[in-house]
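Chemist: Pasting a structure below so you can have a look.
The values are calculated or read from the model by the stated rules, or taken from the named source; none is laboratory data. Quick caveat, the model's predicted, so the values are computed rather than measured. Using ideal geometry, Cβ is built from the backbone for each residue, glycine included, and neighbour counts are taken over all protein chains shown.
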Amino acid sequence: MSTAELIFVLVKAWLVTGAFVSVIFLTIGIDQIDEDAQDAYVFRPLLVPAILLIWPLVLWRWYVLKTGRDNPMSRFHPVRKAHDVVAVMLAAAIIAALVAGFSVRQTWPADADPVQLSEKSESSK
Amino acid sequence: MNDREDTPFFIGYLQVPQKLRKLLLVTALALVGFLLGAGLLIGRTQDTDPGGGAFRFDYGQQTVSGVVENLAYPLFHVTEGNDRLKPGQTLMLTGSGKDGVSNRTLPMVGKLATAKGIVLERGSLEMLQLAGGKRGLSEAEKQSSVSVPKPEDLGRWKLTGEICDGKCLSGAMRPGRGLAHKACANLCLFGDIPPVFVSTKPVKGSEFLMVLGPDGGALPKEAYDFIGQYITLEGAVARHGDMLVFKMDPETIELAS
Amino acid sequence: MSVKYVPVQWNRNKWMYDGFLLVGVGLFLGFFLHIRPDFLSGNDPRINAQILNARAFGVCAFLMLSIILSIGPLARLDPRFSALLYNRRHFGVMTAAVALTHFGFILNWYFAFSKSNKYEALLFANTNYGQIAGFPFEMFGLFALICLLILSTTSHDFWLKFLTAPVWKRLHYLIYPAYAAVVAHVALGMLQDASGNVFPALFVVAALIVAGLHVAAFVHDRRHGDPVAEPVAEGWFRICKASDIREGRARIGLLPNGERVAVFRQDDKLSAISNACAHQNGPLGEGRIVDCLVTCPWHGFNYDVRSGRSPAPFTEKIPTYNLKVHDAEVYVDPNANEPGTYVEPVEVPPLEGEA
């Protein structure tokens, strides 16, 4: 099996697992952990694509909320410090990508002439 | 923060404050105007002319007779043609999609065969996309004494240009070359579509040369690192029928400056 | 706001926002694809429709993403632009849709027609990872697309509440590597083949504006960021003078544990609440008291400043802080109370020159 085939199989397995998780979470789990979701059904299909993609995070949060391990204060610690670093890194990455792109850019060498090196090609070649 | 006493305060679900309305309207119109202008400007100045290559469905299906030559990628030398494809012309062959036809041509090497298909044409470069199975390529019932034309040695050359896949270049994709198209070209080449070198200027009358490895085999692995880039490289050029064939030396590849 | 989830909570401003967006995107695509005299004249367009479409949707997604990325720093440099933050999620979802369309045109054209599965072909067709020119730039695009899909699919308010705002925000930080990847994707892809200067120039300008705005906002925050609260005896922290706080506004103090407290003045009484909104951790202290309720500058979530509770029927709660005023200075106990804990406001002298 090639690497590409392997990755493709893993991606499919990830999405299929996500589909199982979304069925269980949206029929059983969501009512247990969010009272605002009780009796609200129209919005649930909207959540399916996200569960397909990030189902491990869904399972983890479901577990934390269900078992009462959620620290209510943790909701109020916004991630603001990282923002400075990220802003500078973003700017650096953008400039690096632009420099890389322009440094290798070629123009069609329309003036280059074909050069004949010999009348006969060596037969050994 | 730079929040002054008179800074208006926007609340999403309420009416927009009077003082903000103008700013937001101007911003919204500016964004719409920017997108409109960018669409017009980029759309109008984009590259739209990939050269004249195209599928010639307008010619209809072509039927010709000729001799199959066995290089790493097959060539078809027309012996009995029609209005479009004349005797003496040499065609590259391809299957549908990104598939070559070596498995079909191998049993017919050196024999007279009948080929049916759609022409892809880019200037002097011609390719025939064979119809499926026996219908596309079959041994002629009457085998006359034909033979593959003797190749003419044109010497060693140093050429500047780009290695492309012969099918997209001939017009299957427009544009069908360059780095944005590289992965697509690789897929064609993996599928046994003949590679073609586009020279900056004609070599002995043609700017297109079918590419082979130094020993006459398939495109060398090293060449894949340079598909879609402008390079110089050396190799032996020979004329097979009216088609130039370039046996490239992978060690000589350099990026063109 | 909470109370029974619905797919989208529409209001007039959102309709306007989305309307302008749709018109902008529609005009871009329309002009890019169709206002081409040299195209219209011939019955055989010279480039494939698929490639033309892929270009149009790709460039559109890049420009939309550049605009989205500019809104955040712009709002920090000038709070009046905070209005653009509202409903930014709809902008993001639309961008993901445009990017996905671009992907579809590429996948079903360049990676189709071979014997291999087209998704696998995308992964193996080009493996020149060791070089810049000829690098499989598609992988940058693929990475960015996956990020955009994660972001857009988790944009519903349910995810904010379920994951908590800090986790949701961390997840949505993916927009930054995604944008950098998009720039690399374009720089090593379309830029390499584009002749002429118009697209390269617009591309560079857009990317540099995004980079520049982020650096400018970073510098601005360094200079004008929230002041650090000073420790004094018995664990109390000094925030500011009582007279520094205007009626209906707050002063923010950065506590040693990294939390921010917002001290509001309402009817010449002070109350201290968490600066982080329960919804998306918006900076409540940069909001105002409107109709007796603290209103978040991001999405307008409301809280009673004394208890940190949203008015019924809403159920959001934020932590409150104990505070005291001594010699006209405001002090806060850095140990937050449980979300929704009532704290008696502290009366202070009225401000001079204000009724």
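Chemist: Does any residue of region B:164-173 turn out to be surrounded by fewer than 24 Cβ atoms within 10 Å (Cβ to Cβ), polar (S, T, N, Q) and not assigned by TED's automatic domain parsing to the domain that holds B:Ile118?
Modeler: Initially, region B:164-173 is screened for residues surrounded by fewer than 24 Cβ atoms within 10 Å (Cβ to Cβ), giving B:171.
With polar (S, T, N, Q) added as a condition, the list becomes none.
Within region B:164-173 (the criterion being surrounded by fewer than 24 Cβ atoms within 10 Å (Cβ to Cβ), polar (S, T, N, Q) and not assigned by TED's automatic domain parsing to the domain that holds B:Ile118), the answer is no, since none of the residues qualifies.
Chemist: Do we have any residue at all in region C:205-226 that's in a loop (DSSP other than H, G, I, E, B) and either surrounded by 15 or more Cβ atoms within 10 Å (Cβ to Cβ) or hydrophobic (A, V, I, L, M, F, W, C) (or both)?
Modeler: Yes, region C:205-226 contains at least one residue that is in a loop (DSSP other than H, G, I, E, B) and either surrounded by 15 or more Cβ atoms within 10 Å (Cβ to Cβ) or hydrophobic (A, V, I, L, M, F, W, C) (or both).
Chemist: Another one. Looking at region C:107-135, which of its residues are surrounded by fewer than 18 Cβ atoms within 10 Å (Cβ to Cβ), small (Gly, Ala, Ser) and under 19 Å from C:Ala187 (Cα atoms)?
Modeler: C:Gly130
Chemist: Right, next: Can you confirm whether region B:9-22 contains a residue that is aromatic (Phe, Trp, Tyr), touching a Ser or Thr at 6+ places or on another chain (Cβ under 7 Å) and outside the structural domain of B:Lys116 (by TED's automatic domain parsing)?
Modeler: Yes, region B:9-22 contains at least one residue that is aromatic (Phe, Trp, Tyr), touching a Ser or Thr at 6+ places or on another chain (Cβ under 7 Å) and outside the structural domain of B:Lys116 (by TED's automatic domain parsing).
Chemist: May I ask you to list the residues in region C:135-155 that are at pLDDT 95 or above and either of a type in the set (Asp, Glu) or farther than 13 Å from C:Ala97 by Cα (or both)?
Modeler: C:Phe135, C:Pro136, C:Phe137, C:Glu138, C:Met139, C:Phe140, C:Gly141, C:Leu142, C:Phe143, C:Thr154
Chemist: Among the strands (runs of 3 or more DSSP E) confined wholly to region B:118-219, which include 3 or more residues that are closer than 30 Å to A:Val104 by Cβ?
Modeler: Ranges flagged: B:152-165, B:195-203, B:206-212.
Chemist: Looking at region C:281-300 only, could you name the residues that are in a loop (DSSP other than H, G, I, E, B) and of a type in the set (A, V, I, L, M, F, W, C)? Walk me through it before giving the result.
Modeler: Start the filter on region C:281-300 by keeping residues that are in a loop (DSSP other than H, G, I, E, B), which leaves C:281-282, C:287, C:291-292, C:296-300.
C:Cys292, C:Cys296, C:Trp298, listed by residue number.
Chemist: Within region A:83-125, can you find the residues that are over 30 Å from B:Arg239 (Cα atoms), at pLDDT below 95 and more than 7 Å from every other protein chain (Cβ to nearest Cβ)?
Modeler: Matches in region A:83-125: A:His83, A:Val85.
Chemist: Would you be able to say whether some residue in region B:186-199 is within 14 Å of chain A (Cβ to nearest Cβ) and charged (D, E, K, R)?
Modeler: No, there is no match, as no residue in region B:186-199 is within 14 Å of chain A (Cβ to nearest Cβ) and charged (D, E, K, R).
Chemist: Right, something else. Given the criteria more than 10 Å from every other protein chain (Cβ to nearest Cβ) and of a type in the set (A, V, I, L, M), does C:Ala233 qualify? Give the steps one after another, and end with the answer.
Modeler: Numbers: more than 10 Å from every other protein chain (Cβ to nearest Cβ): yes; of a type in the set (A, V, I, L, M): yes.
Spelling it out, C:Ala233 is indeed more than 10 Å from every other protein chain (Cβ to nearest Cβ) and of a type in the set (A, V, I, L, M).
Chemist: Report, by residue number, each residue of region B:3-55 that is surrounded by 15 or more Cβ atoms within 10 Å (Cβ to Cβ) and within 30 Å of B:Leu85 (Cα to Cα).
Modeler: B:Thr48, B:Pro50, B:Gly51, B:Gly53, B:Ala54, B:Phe55
Chemist: Same structure, new question: Could you please find all residues in region C:242-266 being in a strand (DSSP E or B), in contact (Cβ under 8 Å) with a residue 60 or more places away in the chain and within 16 Å of C:Asn335 (Cα to Cα)?
Modeler: Once the filter is applied, which keeps residues that are in a strand (DSSP E or B), in contact (Cβ under 8 Å) with a residue 60 or more places away in the chain and within 16 Å of C:Asn335 (Cα to Cα), region C:242-266 yields C:Gly253, C:Val261, C:Val263.
Chemist: Going by the structure shown, is B:Ser206 of a type in the set (Ser, Thr, Tyr), buried (at least 23 other Cβ atoms within 10 Å of the Cβ), in contact (Cβ under 8 Å) with a residue 40 or more places away in the chain and not assigned by TED's automatic domain parsing to the domain that holds B:Val119?
Modeler: no
Chemist: May I ask you to verify whether B:Ala183 is under 16 Å from C:Phe113 (Cα atoms), out of contact with any Gly (no Cβ under 7 Å at 6 or more places or on another chain) and at pLDDT 95 or above?
Modeler: Against the criterion (under 16 Å from C:Phe113 (Cα atoms), out of contact with any Gly (no Cβ under 7 Å at 6 or more places or on another chain) and at pLDDT 95 or above), B:Ala183 qualifies.
Chemist: Out of B:Thr90, B:Thr105, which single residue is free of Cβ contacts under 8 Å to residues at least 40 places away in the same chain, closer than 26 Å to B:Gly216 by Cα and either of a type in the set (A, V, I, L, M) or in contact with a strand residue (DSSP E or B) (Cβ under 7 Å, 6 or more places away or on another chain) (or both)?
Modeler: B:Thr105
Chemist: Scan region C:23-44 and tell me whether some residue there is outside any helix (DSSP H, G or I), under 30 Å from C:Ser310 (Cα atoms), hydrophobic (A, V, I, L, M, F, W, C) and at pLDDT below 95.
Modeler: no
Chemist: Taking the condition of being facing chain C (nearest Cβ under 8 Å) and more than 20 Å from the chain's Cα centre (by Cα), how many residues in region A:49-64 meet it?
Modeler: Counting residues in region A:49-64 that are facing chain C (nearest Cβ under 8 Å) and more than 20 Å from the chain's Cα centre (by Cα) gives 0.
Chemist: Considering only region C:4-22, state which residues are surrounded by fewer than 15 Cβ atoms within 10 Å (Cβ to Cβ), part of a helix (DSSP H, G or I) and modelled with pLDDT under 90.
Modeler: C:Arg12
Chemist: For region C:242-278, which positions are more than 10 Å from every other protein chain (Cβ to nearest Cβ), surrounded by fewer than 23 Cβ atoms within 10 Å (Cβ to Cβ) and under 23 Å from C:Arg170 (Cα atoms)?
Modeler: C:Leu255, C:Pro256
Quick grid of which residues meet (1) at pLDDT below 90; (2) over 25 Å from the mean Cα position of the chain (by Cα); (3) of a type in the set (Gly, Ala, Ser):
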site	(1), (2), (3)
C:Glu247	no, yes, no
C:Ser271	no, yes, yes
C:Ala276	no, no, yes
C:Cys292	no, yes, no
C:Phe301	no, no, no
C:Gly308	no, no, yes
C:Glu338	no, yes, no
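Here's the yes/no breakdown for (1) in contact with a Lys or Arg (Cβ under 9 Å, 6 or more places away or on another chain); (2) of a type in the set (Gly, Ala, Ser):
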{"residue": "C:Ala180", "(1), (2)": "no, yes"}
{"residue": "C:Val183", "(1), (2)": "no, no"}
{"residue": "C:Val186", "(1), (2)": "no, no"}
{"residue": "C:Ala206", "(1), (2)": "no, yes"}
{"residue": "C:Val215", "(1), (2)": "no, no"}
{"residue": "C:Glu230", "(1), (2)": "yes, no"}
{"residue": "C:Ala233", "(1), (2)": "no, yes"}
{"residue": "C:Asp244", "(1), (2)": "yes, no"}
{"residue": "C:Ala250", "(1), (2)": "yes, yes"}
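Chemist: What is the number of the single condition among (1) modelled with pLDDT of 95 or more; (2) closer than 17 Å to B:Arg122 by Cβ that B:Phe34 does not meet?
Modeler: (2)
Chemist: Which count do you get for residues in region B:220-257 that are among the hydrophobic types (A, V, I, L, M, F, W, C), more than 9 Å from chain A (Cβ to nearest Cβ) and part of a strand (DSSP E or B)?
Modeler: Looking only at that region, the number is 7.
Chemist: Is it the case, given these coordinates, that C:Ile239 is of a type outside the set (Lys, Arg), within 13 Å of chain A (Cβ to nearest Cβ) and either assigned to a helix (DSSP H, G or I) or buried (at least 16 other Cβ atoms within 10 Å of the Cβ) (or both)? Write out each step before concluding.
Modeler: Numbers: of a type outside the set (Lys, Arg): yes; within 13 Å of chain A (Cβ to nearest Cβ): no; either assigned to a helix (DSSP H, G or I) or buried (at least 16 other Cβ atoms within 10 Å of the Cβ) (or both): yes.
So C:Ile239 fails the test.
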